[in-house]
Amino acid sequence: MIQMVTSNMLNDTQHPDEKNTIKPALYALMDQCTSGDVAMESPVVHTAIANDGIQNNGIKVVEEAFLSHLVIRGNVNDQDFISAIETAASMRLPEKLQTSQGAHATIYWVSPDEWLIATNKDAFETEANLREKLSGHYALVNVSGGQTRLLLSGSNSHRLLHAASPYDFHLSNFPVGKVITTVFARAQALIHRKSIDEWELIIRRSFSDYLALWIEDFIISC
Amino acid sequence: MFYIRCPYCEEHRDEQEFHRVAEANLVRPSDPDGCSDQEWGEYLYFRKNTRGEYNELWVHSVGCRKFFNIQRNTETYEILNTSPV
Ligand SMILES: [Zn+2]
């Protein structure tokens, strides 16, 4: 289902400074999961990480499948942009390298003008709700089908991270609530420390087969 | 192994997260149709190959994906400064 909605959005030839002269524009809002008769399949469905996950020797990895992932971009100095998101999400936009946690969603800082919202609520409704509040110069993309979230936990979970990434995961450098995007097993992951021994990894669908097998291999042999 | 400070993440990160892009501060001719082939060719293809202090454009490609300027010594690999574009 595609809805055409009129909104005060910039078109390609307008500069952000022209905010006050913006003419109403159309955007397409697409529901990517329209019918119940097409089965959804996680990108790691064929690996041990799906369903109950895999664990060994104090390391556990399980997929948190079918969350709604939305990338939002805009100007952090635009107070209307900030308050529109915070009203729609009922959450604060996190500061640099931080996350904010809500009842149904987590917002991750990605870049000075980019955030990722992961929620267990419906992607289509979440996007529609955000777009209703937002105006001006912004970008909002539903990337739910393009990535997935893994939960890494256990008292030895840091050992998997040390093997996969050059980053310093010590508590003094990586406190609970921090998020980074970095090299992970020569691919890329967004890594969030959810608690002392719990880490969320958001990986791209195109790398998920390779990364799931890499993680499986590490856990079996650790 | 190098640690490079990303001026947007405001942290030192491993060099694997970064890519070099080009010489920094290249100025595109203001009137591409009006400039000579030589001016356009030099803008498009010709770069300094400085031995010593050099300004380059890098990108924090596996990170915040922002472009930034880096001032470094091509002889010693010492990084003197990084700054937002
Ligand atoms: Zn960065």
Odd one out for residue B:54, checked against (1) away from the ligand (no atom under 11 Å from the Cβ); (2) without any contact (Cβ under 8 Å) to a residue 12 or more places away in the chain
(2)
Residue count for the stretch B:2-17, restricted to those that are open to solvent by 10 Å² or more (accessible area, probe 1.4 Å) and at the interface with chain A (Cβ under 8 Å from one of its Cβ atoms):
4
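Results for (1) within 14 Å of another protein chain (Cβ to nearest Cβ); (2) surrounded by fewer than 17 Cβ atoms within 10 Å (Cβ to Cβ); (3) not in a loop (DSSP other than H, G, I, E, B), shown as yes or no for each residue.
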site	(1), (2), (3)
B:21	no, yes, yes
B:32	no, yes, no
B:43	no, yes, yes
B:47	no, yes, no
B:63	yes, no, no
B:72	no, no, yes
B:76	no, yes, no
Restricting the stretch A:164-222 to residues that are closer than 27 Å to residue B:1 by Cα and hydroxyl-bearing (Ser, Thr, Tyr), which is farthest from the chain's Cα centre (by Cα)?
A:172
Quick check, is residue A:163 touching a strand residue (DSSP E or B) at 6+ places or on another chain (Cβ under 9 Å) and not polar (S, T, N, Q)?
no
Looking at A:135, A:153, A:90, A:100 in this structure, which one is open to solvent by less than 70 Å² (accessible area, probe 1.4 Å), at pLDDT below 95, of a type in the set (S, T, N, Q) and over 15 Å from residue A:181 (Cα atoms)?
A:135
Restricting to the stretch B:57-71, and then to whatever is more than 12 Å from residue B:15 (Cβ to Cβ) and more than 12 Å from the ligand (Cβ to nearest atom), can you tell me which residue is nearest to the chain's Cα centre (by Cα)?
B:57
In the stretch B:20-51, what residues are within 30 Å of residue A:96 (Cα to Cα) and more than 16 Å from the ligand (Cβ to nearest atom)?
B:22, B:23, B:24, B:25, B:26
List every residue pair whose Cβ atoms lie under 8 Å apart, where the two residues are 6 or more positions apart in sequence or sit on different chains, the first residue falls within the stretch A:204-218 and is closer than 10 Å to residue A:44 by Cβ, and the second residue, located anywhere, is part of a helix (DSSP H, G or I).
A:205/A:145; A:205/A:146; A:215/A:160
Hey, among the residues in the stretch B:2-19 that are within 8 Å of the ligand (Cβ to nearest atom) and assigned to a strand (DSSP E or B), which one's farthest from residue B:63 (Cα to Cα)?
B:11
Filter the stretch A:173-187 down to the residues that are in a loop (DSSP other than H, G, I, E, B) and open to solvent by 10 Å² or more (accessible area, probe 1.4 Å) and list them by number.
A:173, A:175, A:176, A:177, A:186
Number of positions in the stretch A:161-186 that are within 12 Å of another protein chain (Cβ to nearest Cβ) and free of Cβ contacts under 8 Å to residues at least 12 places away in the same chain
3
Using beta carbons and a limit of 6 Å, which pairs, at least six apart or on different chains, have the first residue in the stretch A:54-68 and under 26 Å from residue A:104 (Cβ atoms) and the second one among the basic types (Lys, Arg)?
A:64/A:149; A:67/A:149
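The values are calculated or read from the model by the stated rules, or taken from the named source; none is laboratory data. Bear in mind that the values here come from a model prediction, so they are computed numbers and not experimental data. With ideal geometry, Cβ positions are generated from the backbone for all residues, glycine too; neighbour counts draw on all protein chains shown. These accessible areas exclude ligands, DNA and RNA; they are computed on the full protein's heavy atoms, side chains included. Shrake-Rupley method; radii C 1.70, N 1.55, O 1.52, S 1.80 Å.
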